[in-house]
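These notes concern the structure reproduced below.
The values are calculated or read from the model by the stated rules, or taken from the named source; none is laboratory data. If you're wondering where the values come from, they're calculated on a predicted model, not measured in any experiment. Cβ sites come from the backbone with ideal geometry, for glycine too, and all protein chains shown count toward neighbours. Surface areas here come from the heavy atoms of the whole protein model, side chains and all, with no ligands, DNA or RNA. Shrake-Rupley method; radii C 1.70, N 1.55, O 1.52, S 1.80 Å.
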Amino acid sequence: MSFIKDFKAFMLKGDIIALATAVVIGAAFNKIIASVVADVIMPIIGLMTGGTAFTKKFISLDGVSYETLEAAREAEAAVITYGNLLDTIINFIIVAFFIFLVLRAYEKTKKEKEAPKLVEPKGPSQEELLTQIRDELKKQGNTP
């Protein structure tokens, strides 16, 4: 019975719940980024590079020139689909950029919370206190 209690305590820790929440949000965030890359950015880049979608760009390794990627695959030719690699790299850069923005915003809020406001000390300064002590000693006649 101790094992089950320990497991339950482990699963209900705040860190585990936060991690699970982060994974779910991360998966949803990844879908949004994948859509931005596939549906917005890659068509623009494809248009700038001749109108072909990046995912259709390939190099056949058997020396034969194929009209399309599908034709090369039907011929069972070995191909390097460099367009997929570029698509994945662009996807990674966008995800990294958005994570950078989120962490940067988080760090700014963290610094604002941590930085205590400097408050001027109330009352006399150290020099003023020493002057008052000196003057009081002079009044009492205790000065040499």
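With loosely packed, with under 10 Cβ neighbours inside 10 Å and of a type outside the set (K, R) as the only criterion, which of D62, D15, D87, D6 stands out?
D15
Yes or no: A34 open to solvent by less than 70 Å² (accessible area, probe 1.4 Å) and at pLDDT 85 or above?
Here the answer is no, as A34 does not meet what is asked.
With the structure loaded, tell me whether L47 is open to solvent by less than 70 Å² (accessible area, probe 1.4 Å), part of a helix (DSSP H, G or I) and aliphatic (A, V, I, L, M) or whether it fails that test. Spell out how you get there, then give the answer.
On the way: open to solvent by less than 70 Å² (accessible area, probe 1.4 Å): no; part of a helix (DSSP H, G or I): yes; aliphatic (A, V, I, L, M): yes.
Here the answer is no, as L47 does not meet what is asked.
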